Amino acid sequence: MSETTTSTEGRTFSPPEQITAQANVGPDVYDEASRDRLAFWAKAAERLHWEQPWDEVLDWSNPPFAKWFVGGKLNVAYNCVDRHVEAGHGEQVAYHWEGEPGDTRTITYAQLKDDVSRAANALLELGVQAGDRVAIYMPMIPETVIAMLACARIGAVHMVVFGGFSPDALASRITDAGAQVVITADGGYRRGAPSALKPNVDEALTRTEGVRSVLVVRRTEQDVEWTEGRDVWWHDLVDRQSPEHTPEAFDAEHPLYIMYTSGTTAKPKGILHTTGGYLTQVAYTHWATFDLKPDTDVYWTAADVGWVTGHSYIVYGPLANRATSVMYEGTPETPHRGRWFELIQKYGVTVLYTAPTVIRTFMKWGEDIPAGFDLTTLRLLGSVGEPINPEAWLWYHEHIGGGRCPIVDTWWQTETGAHMITPLPGVTSLVPGSAQHPFPGISAKVVDDEGNELGDDSTGLLVLTEPWPSMLRTIWGDDDRYVDTYWSRFGKNVYFAGDGAKKDADGNIWLLGRVDDVMNVSGHRISTTEVESSLVGHPTVAEAAVVGASDPTTGQGIVAFVILRGTAEDSGDELVQTLRNHVARDIGPIAKPRQIMVVQELPKTRSGKIMRRLLRDIAENRELGDVTTLTDSSVMELIKEKLPATPSED
Ligand code: PRX
């Protein structure tokens, strides 16, 4: 693709002709959507199979509680699997799955239909009913997808917990969601070794009540403890079930899943997604943003199913569009740093979707690695999870995309369910580093602190001013927190995303990161309070303050400042390691602080509020900003004296 103009922000790239000529959506789509937004989404919904049509596209009579496709009924699993088999595509591959050790499984749509039906029958045998919550704590194996679809098929609400989360995190989510069944595995492969999951479930279940069954997939063949009457092997229960199951149609607003995400307090929020609107928008955006061609593309979202990206763009979007996908169990450096490129070459991947943190890691490893593989099948690249810096964008474009693939930088959130701001590959002239324009049918604006819309060339807060089909419906069990968190700052009709944003002189939107106490580490959300409350949970810590400091690879790194209890000894490195491991055990390895500094005091305002801004200045090695509101400005000098020369890394 050619570099065409120079904007104030830098270079722009016009869409390549061969993409534009055959793109699923052209420039008219913006006009069409702005002429009649609801008609546009209704047309997108018609791409699905509805057992009963809806009476009304949107009921927004009680904001911020939306109902989309009111009165309509559909089955998500039928839409993702059965209808493609019925249309004669049973032999098409749904997933090329590759295990980290190199074992492979090829799963066609026909096989997926049988497997999902068997798993649905198994859940019914376990007494799971529509509306019940099922926790899924799994590695990246096909059974994870099968389990999710089996839940959807019978109307059970799945609640996937990322396999890297701790027993505590799992237990609190199980309690909050009221899950009665857990689906897990003995373990999965990560970084060249089996990593156990079942012991974490066993431990979690000592801290929560109400789980009556644990369904266990055998993956790594590690030894597992067994609780008779509660634990059951997947191969014992699921394999003997009938591959026939008649899907029931559920209301468009029937709950589909809960996904926990960090907010500004220590307690994660259970984001609730429902059936019809969610599937409509994930399917449509997957088709439009990635220009997905079901007959020829080999699509790969290189993310974990344990995050919303996996839900929307490994499972529901691709399957609803009859995509052939790649699914990979392990890490990019196992057994060598070219593993991803080897997979692209092996399966002929045409569309790759991943996070900037991975791209920056590849940059660090060097361009020789991708250069050693045939990546010429790639035609489109995507980015998600955090702002992609122009340097990483250009590297991705050149060294992975061979200079010919458009990059779609997609801004969205667990809460939004699907893409909200993104270029369209056949339409948009790309500006590296900017997510650019609201998706058709989406109304995103940049406003000032009072909620006034800002024009081009200004910086403010990102808001969404119209409801959208795949929006969260509430926070599980906490409608008030839903209203307070997202719909109170600018009133009940305006969704406050929590991100800062800038509009450039050409009207492109640039995302500037979180404006609240949420950190973004390698594209994963972690709240500062969550880490602080873990630290003060350790017997040696009296007080803790945590900030996200910018990090060249992970976007942000977690930096903690702790004051020890009077009796605790500062044993230097050893204590710091103990505390880092404590947080990793408590929350999960992704929350392990990059750096912990033991200090005597924390900088506080006269009203007792910790001044994170100053701590961030320290963590980022900057000159200190204004210290005049501190109770005691010498505190900062004391902290600076204690700074270690280099941050710890592992
Ligand atoms: O800050 C934004 C950032 O990730 C947050 C959402 O995180 P999560 O719910 O975990 O979902 C991640 C995957 C959708 C947002 O509030 N974010 C996500 N995508 C982008 C982004 N920031 C800038 N550019 C993006 N493309």
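The values are calculated or read from the model by the stated rules, or taken from the named source; none is laboratory data. This one's a predicted model, so the numbers in the text were calculated from it and none came from an experiment. Note that we place each Cβ from the backbone using ideal geometry, even for glycine, and neighbour counts take in every protein chain shown. These accessible areas exclude ligands, DNA and RNA; they are computed on the full protein's heavy atoms, side chains included. Shrake-Rupley method; radii C 1.70, N 1.55, O 1.52, S 1.80 Å.
Residues satisfying the criterion are absent from the stretch 447-463 (criterion: modelled with pLDDT of 95 or more, outside any strand (DSSP E or B), of a type in the set (Val, Ile, Thr) and away from the ligand (no atom under 13 Å from the Cβ)).
All of (1) of a type outside the set (Ser, Thr, Tyr); (2) open to solvent by 20 Å² or more (accessible area, probe 1.4 Å); (3) farther than 20 Å from Asp295 by Cβ; (4) in contact (Cβ under 8 Å) with a residue 12 or more places away in the chain hold for Glu46 with one exception: (4). Across the stretch 531-542, the qualifying residues are those that are without any contact (Cβ under 8 Å) to a residue 40 or more places away in the chain and not in a loop (DSSP other than H, G, I, E, B), and the one among them that is surrounded by the fewest Cβ atoms within 10 Å (Cβ to Cβ) is Ala542. Look at (1) surrounded by fewer than 23 Cβ atoms within 10 Å (Cβ to Cβ); (2) closer than 30 Å to Gly433 by Cβ and you find that Leu614 fails only one, number (1). Of the residues making up the stretch 66-90, those that are open to solvent by 60 Å² or more (accessible area, probe 1.4 Å) and assigned to a strand (DSSP E or B) are Lys67, Lys73.
Of the helices (runs of 4 or more DSSP H) lying entirely inside the stretch 222-332, those containing at least 1 residues that are at pLDDT 95 or above and within 16 Å of the ligand (Cβ to nearest atom) span 276-289, 317-320. Can you find even one residue in the stretch 543-550 that is surrounded by fewer than 18 Cβ atoms within 10 Å (Cβ to Cβ) and assigned to a strand (DSSP E or B)? Yes, some residue in the stretch 543-550 is surrounded by fewer than 18 Cβ atoms within 10 Å (Cβ to Cβ) and assigned to a strand (DSSP E or B).
Across the stretch 367-385, the qualifying residues are those that are open to solvent by less than 20 Å² (accessible area, probe 1.4 Å) and part of a loop (DSSP other than H, G, I, E, B), and the one among them that is farthest from the ligand (Cβ to nearest atom) is Leu375.
Taking the criterion of being among the small types (Gly, Ala, Ser) and under 29 Å from Ser527 (Cβ atoms), the residues of the stretch 250-295 that qualify are Ser262, Gly263, Ala266, Gly270, Gly277. Taken over the stretch 484-530, the criterion of being away from the ligand (no atom under 16 Å from the Cβ) and either assigned to a helix (DSSP H, G or I) or within 30 Å of Thr578 (Cβ to Cβ) (or both) is satisfied by Asp484, Thr529. Filtered by the rule that a residue be open to solvent by less than 10 Å² (accessible area, probe 1.4 Å), within 13 Å of the ligand (Cβ to nearest atom) and more than 14 Å from Ser434 (Cβ to Cβ), the stretch 397-414 gives no residues. Across the stretch 309-344, what is the number of residues that are charged (D, E, K, R) and under 21 Å from Trp287 (Cβ atoms)? The number of residues fulfilling the criteria is 1.
For Ile388, are the conditions met, namely being within 23 Å of Leu279 (Cβ to Cβ), within 15 Å of the ligand (Cβ to nearest atom) and surrounded by 23 or more Cβ atoms within 10 Å (Cβ to Cβ)? Considered against the rule, which asks whether it is within 23 Å of Leu279 (Cβ to Cβ), within 15 Å of the ligand (Cβ to nearest atom) and surrounded by 23 or more Cβ atoms within 10 Å (Cβ to Cβ), Ile388 comes out as no. Within the set of pairs 6 or more residues apart or between chains, which connect a residue that is under 16 Å from Leu272 (Cβ atoms) inside the stretch 407-430 to a residue that is within 7 Å of the ligand (Cβ to nearest atom) and outside any strand (DSSP E or B) with Cβ atoms less than 8 Å apart? Taking only residues 6 or more apart or on different chains, the pairs are Gln413/Val308; Thr414/Trp307; Thr414/Val308; Gly417/Val308; Ala418/Trp412.
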